[in-house]
Ligand code: GUN
């Protein structure tokens, strides 16, 4: 029987744990605060931002909302980030992506204090992950690790294949699996024989951004398959990068879309917000960052 990994249930468990931790901080007079910045009105971003604010409310995190017009200049956005960096009452800063084309995304993400970078996108946090130091970890890959651990799937010693090498998912995903003592291969669009590589995987994590690309012939019998993709197909139905119908009978465990990895991203963002207090207490100055 294939185990269906229930991201909705696991993310709800995590959010309930975080709610308790946030309450404990409040009892000690500490309120956690996340600043969320959105520039323009990209419809998908509006949904994500709304869900992030809803999650904050559920857990007991104060959220500050900055909804800036699409014509906002890079200098204006950088100035707001600078202000929020300096505010002692703001623990986390999130700039929703994508940004309008007049704004250099990298410049803005790099301007966020690494001590408030709850998305885990700042090079300092990516570097910390790379060398095994404390820091914020990108939410989606951190969520995948939680899904595996909380489903009783061990990573240590396993052949792990990550398909996709983006800065937000593929690369940090491979580093996290390595940190858990997996034997990690990163495959991508230029991989010569993708099927040969993916068929080696005990744990296959797919983040390619192509609807239902991974069919049963890419998967070893009994593998664990984690699908990071989310798309709408020609019938407006949600689907992932994995062809769930053909792949799932061959897996020992699989994440569905929707209800697998998706709900974990916000749960891990909330976890980063709660943990930001600890990091900020330990490292009061950016220069001391781990
Ligand atoms: N846009 C899509 N996903 C994300 C995310 O995880 N963080 C931010 N900041 N923007 C996004």
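Nothing in this text is a laboratory measurement; each read-out follows from the coordinates by a stated rule. Worth saying up front: this structure is predicted, and the values here are computed from it rather than measured. Note that each Cβ is placed from the backbone with ideal geometry, even for glycine, and that neighbours are counted across all protein chains shown.
In degrees from 0 to 90, rounded to the nearest 10, what is the angle of the helix 170-179 Cα long axis to the longest principal axis of the chain? Result, in degrees: 80. Once a ≥ b ≥ c are taken as the square roots of the eigenvalues of the Cα gyration tensor of region 87-199, is the result rounded (a/c under 1.5), prolate (a/b larger than b/c) or oblate (a/b not larger than b/c)? Oblate, because a/c is 1.5 or more while a/b does not exceed b/c. Between residue 45 and residue 19, the FRET efficiency estimated from the beta carbon spacing at R0 = 25 angstrom works out to 0.45.
Shape call for region 163-290 from the C-alpha gyration tensor, a ≥ b ≥ c root eigenvalues: rounded (a/c under 1.5), prolate (a/b greater than b/c) or oblate? Verdict is prolate for region 163-290.
Taking the number of Cβ atoms within 10 Å of each Cβ as an exposure proxy, the fewest-first ranking of 95, 184 is 184, 95.
Of the beta bridges in region 145-270, as assigned by DSSP with both residues counted there, near 10 percent are antiparallel.
In this calculation the C-beta distance from residue 57 to residue 233 is compared with R0 = 30 Å, giving a FRET efficiency of 0.40. For the chain, the share of DSSP beta bridges that are antiparallel, to the nearest 5, is 5%.
Against the chain, whose longest principal axis is taken from its Cα atoms, helix 139-150 shows a tilt of about 60°. Remark: 156, 11, 65 ranked as 156, 65, 11, counting other beta-carbon atoms within 10 Å and listing the fewest first.
If you line up the long axis of helix 74-86 against the longest principal axis of the chain, both from Cα atoms, how many degrees apart are they, to the nearest 10? Once rounded, the angle reads 80 degrees.
Assuming a ≥ b ≥ c are the square roots of the Cα gyration tensor eigenvalues, decide whether the chain counts as rounded (a/c under 1.5), prolate (otherwise, with a/b larger than b/c) or oblate. Kindly include the intermediate steps, with their values, before the conclusion.
Details: a/c = 1.73, a/b = 1.57, b/c = 1.11.
The shape class here is prolate.
Here the contact order of the chain, divided by its residue count and restricted to Cα pairs under 8 Å and six or more residues apart, works out to 22 percent. Arranged from fewest to most other beta-carbon atoms within 10 Å of their beta carbon, 89, 6, 227 become 89, 6, 227. Here each label is just a point 7 Å from Cα along the line to Cβ, and for residue 191 and residue 151 those points are 1.8 nm apart.
Across region 116-160, the residues whose backbone nitrogen lies under 12 Å from the label position 7 Å along the beta-carbon direction of residue 286 are 116-117, 122-125. Along its three principal directions, the equivalent ellipsoid of region 1-158 from the Cα gyration tensor extends over semi-axes of 28, 19, 17 Å, largest first.
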